[in-house]
Amino acid sequence: AMDMNTAFDLEVRAHCPNALVVYDLFHVIAKYGREVVDRVRVDQANALRHDAPARRVVKRSRWLLLRNRDNLKPDQASALDELLAANVPLMTAYVLKAQLKELWFAPSIKAARARWAQWYAMAMASGIAPLQQFAKRLSAYVEGIIASAVHPMNTSVLEGMNNRIKVIKRQAYGFRNADYFFLKIKAAFPGKVR
């Protein structure tokens, strides 16, 4: 399991040619948020230059659009619903984000391929340039997304460990002795006692 970093991909393919790569849901959706949702939001805000109050609402909606609906408070959910009802391109980008997530939860390879084909067709038919560009770029990584139907894995544990190591380093204002730093890391992750 990895993000869509080309360097990681090339190393795995060079050293583990029989490995099946699974791209992490979080990283793909975060990339979608940056490249599609943010771009569509900015474009829609720029199109509303003549209507300052409406423009302000769209410009300030970034976190509403990027958060999972389950994590929104009731007033935020209603604000999101109003925003999406008033802006078709934002609604399209938001709905396709939710449908993109469903690729990782397909019960089989066949179902995942069908979901991908449907999502890709909707993205291309949307008429939204950032969404179409993202879909074209994502098509190169589709096998690693579809692989999650067979191997439901992610990088969340590894990301948590990396963050913990960064906290250890930050709390010490850095380490001058690498051996001591690695001892602190080993102490933070003792492993299973037999």
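The values are calculated or read from the model by the stated rules, or taken from the named source; none is laboratory data. Please read these numbers as outputs of a predicted model, since none were measured by experiment. Because the Cβ atoms are built from the backbone with ideal geometry, glycine has one as well, and the counts that use them run over all protein chains shown. Just the protein is used for accessible areas: all its heavy atoms, side chains included, with ligands, DNA and RNA removed. Shrake-Rupley method; radii C 1.70, N 1.55, O 1.52, S 1.80 Å.
Look at N5 and say whether it is among the polar types (S, T, N, Q) and open to solvent by 50 Å² or more (accessible area, probe 1.4 Å). I'd like the intermediate steps shown before the answer.
Details: among the polar types (S, T, N, Q): yes; open to solvent by 50 Å² or more (accessible area, probe 1.4 Å): yes.
Yes.
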Scanning the stretch 52-71 residue by residue, those part of a helix (DSSP H, G or I) and under 21 Å from K101 (Cβ atoms) turn out to be R62, W63, L64, L65, L66, R69, D70, N71
Within the stretch 123-140, is even one residue of a type outside the set (K, R), touching a residue at least 24 places away in the same chain (Cβ under 8 Å), open to solvent by 50 Å² or more (accessible area, probe 1.4 Å) and within 16 Å of M4 (Cβ to Cβ)?
yes
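Per-residue answers, yes or no, for (1) at pLDDT 95 or above; (2) in the same structural domain as V37 (by the TED database); (3) within 21 Å of L20 (Cα to Cα):
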{"position": "A106", "(1), (2), (3)": "no, yes, yes"}
{"position": "R113", "(1), (2), (3)": "yes, yes, yes"}
{"position": "W116", "(1), (2), (3)": "yes, yes, yes"}
{"position": "Y120", "(1), (2), (3)": "yes, yes, no"}
{"position": "A123", "(1), (2), (3)": "yes, yes, no"}
{"position": "I128", "(1), (2), (3)": "yes, yes, no"}
{"position": "K136", "(1), (2), (3)": "yes, yes, no"}
{"position": "G144", "(1), (2), (3)": "no, yes, yes"}
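Would you confirm whether or not the stretch 78-99 contains a residue that is over 21 Å from I128 (Cα atoms), surrounded by fewer than 16 Cβ atoms within 10 Å (Cβ to Cβ) and over 17 Å from the mean Cα position of the chain (by Cα)?
Just the residues of the stretch 78-99 that are over 21 Å from I128 (Cα atoms), to begin with: 78-79.
Narrowing the set further to residues that are surrounded by fewer than 16 Cβ atoms within 10 Å (Cβ to Cβ) leaves 78.
Then keep just the ones that are over 17 Å from the mean Cα position of the chain (by Cα); that gives 78.
Within the stretch 78-99, one or more residues are over 21 Å from I128 (Cα atoms), surrounded by fewer than 16 Cβ atoms within 10 Å (Cβ to Cβ) and over 17 Å from the mean Cα position of the chain (by Cα).
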Reported set for the stretch 15-51 where residues are outside any helix (DSSP H, G or I) and either touching a residue at least 60 places away in the same chain (Cβ under 8 Å) or open to solvent by 50 Å² or more (accessible area, probe 1.4 Å) (or both) is C16, P17, N18, L20, V21, V22, Y23, D24, R49, H50, D51
